[in-house]
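The values are calculated or read from the model by the stated rules, or taken from the named source; none is laboratory data. Because the structure is a prediction, the values reported are computed rather than measured. As a convention, Cβ positions derive from the backbone with ideal geometry for all residues, glycine included, and neighbour counts pool all protein chains shown.
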Amino acid sequence: MNNIKGFAMGMVTGILLMLTIIMGYSIYDRQVRWGGGMSPNEKVNHIYNLVSRHSIMPFDRHEMIENMYRGFLAGVGDPYTQYLCLDAVQAFRTRTGGTFVGIGVRVIMDPADRKLTLVNVFQNAPAGEAGLLPGDKITAVDGADVVGRSQQEILALITGVAGTSVNLDIFRPYDNTRFNVDIVRAQVIVPSVFHEMIETENGRTGYIRIESFERPTYEQFGSAIEELMADGMDSLIIDVRNNPGGLLDVVVDMTNMLVPQGIITFMEDASGRREYHRSDETYLGIPLVILINERSASASEVLAGAVQDTNVGTLVGEQTFGKGIVQRILPLPDGTEIKLTVAQYFTPSGISIHGVGLTPCFEVAMDESLSRRIGNLPMEEDAQLQIALRVVQAKN
């Protein structure tokens, strides 16, 4: 009997020991996964309490929380996925509306170094008058390091009240220099479309330079086409060099004027669902060249890719930037927003250009010192434009 009791007690002890080990591993696993057994909210509160009690450095609780949101989305590992604070939301809406108070630049976030990079400097605007050039990178605003912060947040710091000054730290990769500059903010009307007629021996070639795809751009582009056609245009060059992109619906409407009936672009989301953007049967139907370079990105690549795939025009210049993903602005209940990469877009023939870019039919290299001056470059110094004129005239 004692042996039976001893065996039973051993069994119970063994089972309890196994349960203890299993529960221990479960608790350990939970601690590893949740950071020492604390929920995210508990851990944040604990960290804040430690900072409050022990930090000798001044800090702002609101800014700590805002940075936490930024860092949380940075964990996605996508430079285009960003948290937009209230100021950044307002700055984004103002800029895409066509006017703003700022320094007069167009920018893109370079995914290689997470630095905000100038792709265009407006004529007669504060940044140009201060000597900034395309290719310059902004590393600090008013003494605060901004490398790694979202594009919209940096722009929110740069914009402000007209007549006030903003201090920028600039890195210029072209000659590997760094400098600091004070720029006085001013009301800036965003110039997105410029056009002129170029007289040649073979005809009249319209030239349209598009600097971005914002809300006013479609109407400005349509007006430019009408004026050039009324003036006898028989061929067209569209210049999207140094154009970082913009609004998808705007570039789709503009591309519809240039390509025959069919697909302009399509997007594919995480679940594999596709959304198609199509053109109607009416289009310009004259010889066409699109000028591109390494700073032609996003919406610029939608336009150029559709023209190339539908064989209605020719690409001239250099390999494009290669941003073939789509961001969507998703609102949060407190008025802030997140910009999230939700889809990849494709050219009409199903080619993804993300990370690769578009290859021109006629590759024409141009010195960086000249490429940075596109828009202010005399025609005779613009080798890419000269080749584009030859190509388009040969089609007349």
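Looking only at residues that are out of contact with any strand residue (DSSP E or B) (no Cβ under 6 Å at 6 or more places or on another chain) and of a type outside the set (A, V, I, L, M, F, W, C) in region 244-260, which one is surrounded by the most Cβ atoms within 10 Å (Cβ to Cβ)?
Residue satisfying both the conditions and the ranking: G245.
Given the options I325, I329, I238, I290, name the one that is touching a residue at least 40 places away in the same chain (Cβ under 8 Å) and in contact with a helix residue (DSSP H, G or I) (Cβ under 7 Å, 6 or more places away or on another chain).
I290
Under 7 Å between Cβ atoms, at least 6 apart or on separate chains: pull out the pairs that start in region 131-155 with a residue that is crowded, with 21+ Cβ neighbours inside 10 Å and end on any residue that is aromatic (F, W, Y) and in a strand (DSSP E or B).
Note: pairs meeting the criteria are S150/Y83.
If you take the residues in region 47-90 that are more than 17 Å from D334 (Cα to Cα) and among the small types (G, A, S), which one is surrounded by the most Cβ atoms within 10 Å (Cβ to Cβ)?
Across region 47-90, the extreme among qualifying residues is A74.
Given (1) within 15 Å of the chain's Cα centre (by Cα); (2) in a helix (DSSP H, G or I), where does Q90 come up short, assuming only one miss?
(1)
Scan (1) surrounded by fewer than 18 Cβ atoms within 10 Å (Cβ to Cβ); (2) in contact with a strand residue (DSSP E or B) (Cβ under 9 Å, 6 or more places away or on another chain) for the single condition Y174 breaks and write down its number.
Going through (1) surrounded by fewer than 18 Cβ atoms within 10 Å (Cβ to Cβ); (2) in contact with a strand residue (DSSP E or B) (Cβ under 9 Å, 6 or more places away or on another chain) one by one, Y174 breaks only (2).
A quick yes/no check of all residues on (1) β-branched (V, I, T); (2) assigned by TED's automatic domain parsing to the domain that holds F179; (3) at pLDDT 90 or above:
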| residue | (1), (2), (3) |
| --- | --- |
| R93 | no, yes, no |
| F100 | no, yes, no |
| I103 | yes, yes, yes |
| A112 | no, yes, no |
| L116 | no, yes, yes |
| V121 | yes, yes, no |
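Are any of the residues in region 96-103 among the polar types (S, T, N, Q) and either under 15 Å from the mean Cα position of the chain (by Cα) or assigned to a helix (DSSP H, G or I) (or both)? Break it down stepwise before answering.
Residues of region 96-103 among the polar types (S, T, N, Q): 96, 99.
Those left that are additionally either under 15 Å from the mean Cα position of the chain (by Cα) or assigned to a helix (DSSP H, G or I) (or both): 96.
So far as region 96-103 goes, yes, one or more of its residues are among the polar types (S, T, N, Q) and either under 15 Å from the mean Cα position of the chain (by Cα) or assigned to a helix (DSSP H, G or I) (or both).
Residue pairs, Cβ under 9 Å, 6 or more apart or interchain, first in region 105-124 and at positive phi, second surrounded by fewer than 20 Cβ atoms within 10 Å (Cβ to Cβ). List them.
Taking only residues 6 or more apart or on different chains, the pairs are R114/P79; R114/V147; R114/G148.
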